[in-house]
């Protein structure tokens with residue numbers, strides 16, 4: 001088995017606008033989400049849509065327009081160009097060789113499993129916005145994940161999205177990010193997940209024993225233990 005890592009990341013709410021117009025292929029699982037998102041957009045109150053999209057004002061109007069356009073030709077960008085949140089800023093995919101983008105997989109609330117070089121439209125969608133969306137992806141994702149190539153898998157996900165993979169039996173490594181006092185980081189962990197992903201891709205190293213010898217800016221490794229998903233959980237301590 002190759003040691004080249006495969007990385008699972010969460011999507012970001014922040015996304016780049018624009019792209020090249022095109023029409024996305026659509027699986028039944030993706031159609032299920034799109035149809036319900038469009039129905040919500042057409043019938044939901046402004047307050048309901050604010051919760052579904054997580055934005056207000058002009059940004060809400062733009063999110064409604066984007067949702068209603070999803071069934072036709074839409075602006076498309078590769079996933080690693082579309083997502084621009086904290087983790088993706090730390091990953092800095094534009095500075096990496098294009099071929100390693102295929103080693104990154106993002107759990108999109110709209111599209112399911114999206115490879116880093118695959119096209120994604122502009123959209124807003126909270127995981128709790130559509131009734132049944134979590135269960136929908138929990139059932140659909142194992143089949144999509146089965147298509148991932150060989151290689152050690154690094155699950156760099158927050159707890160909410162990690163729970164969607166409970167039906168997937170493939171072993172994978174994880175990273176616990178904490179302060180020097182042992183307190184787990186929450187929001188700020190996004191940056192360090194991005195930095196870990198970048199290190200894995202730059203060094204093309206998926207063996208956790210070798211990863212532990214690597215240097216992640218602003219933090220240090222503090223050992224590893226077995227996790228509950230068949231791999232190792234590495235402990236990353238953020239320096240004061």
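When you scan region 1-96 for helices (runs of 4 or more DSSP H) that lie fully inside it, which ones turn up with 3 or more residues that are within 22 Å of residue 192 (Cβ to Cβ) and touching a residue at least 12 places away in the same chain (Cβ under 8 Å)?
Where helices (runs of 4 or more DSSP H) fall fully within region 1-96 and carry at least 3 residues being within 22 Å of residue 192 (Cβ to Cβ) and touching a residue at least 12 places away in the same chain (Cβ under 8 Å), they are 79-82, 86-91.
Within this structure, residue 125 passes the test of being buried (at least 17 other Cβ atoms within 10 Å of the Cβ), in contact (Cβ under 8 Å) with a residue 12 or more places away in the chain and assigned to a loop (DSSP other than H, G, I, E, B). For the structure I just gave you, tell me whether residue 101 is modelled with pLDDT of 95 or more, surrounded by 17 or more Cβ atoms within 10 Å (Cβ to Cβ) and farther than 27 Å from residue 190 by Cβ. No, not satisfied. Scanning region 110-121 finds no residues that are more than 25 Å from residue 192 (Cα to Cα) and exposed (fewer than 15 other Cβ atoms within 10 Å of the Cβ).
Applying the criterion of being surrounded by 15 or more Cβ atoms within 10 Å (Cβ to Cβ) and touching a helix residue (DSSP H, G or I) at 6+ places or on another chain (Cβ under 7 Å) to the residues of region 10-25, the residue that is nearest to residue 139 (Cα to Cα) is 10.
The values are calculated or read from the model by the stated rules, or taken from the named source; none is laboratory data. Please read all numbers here as calculations on a predicted model, not as lab measurements. Using ideal geometry, Cβ is built from the backbone for each residue, glycine included, and neighbour counts are taken over all protein chains shown.
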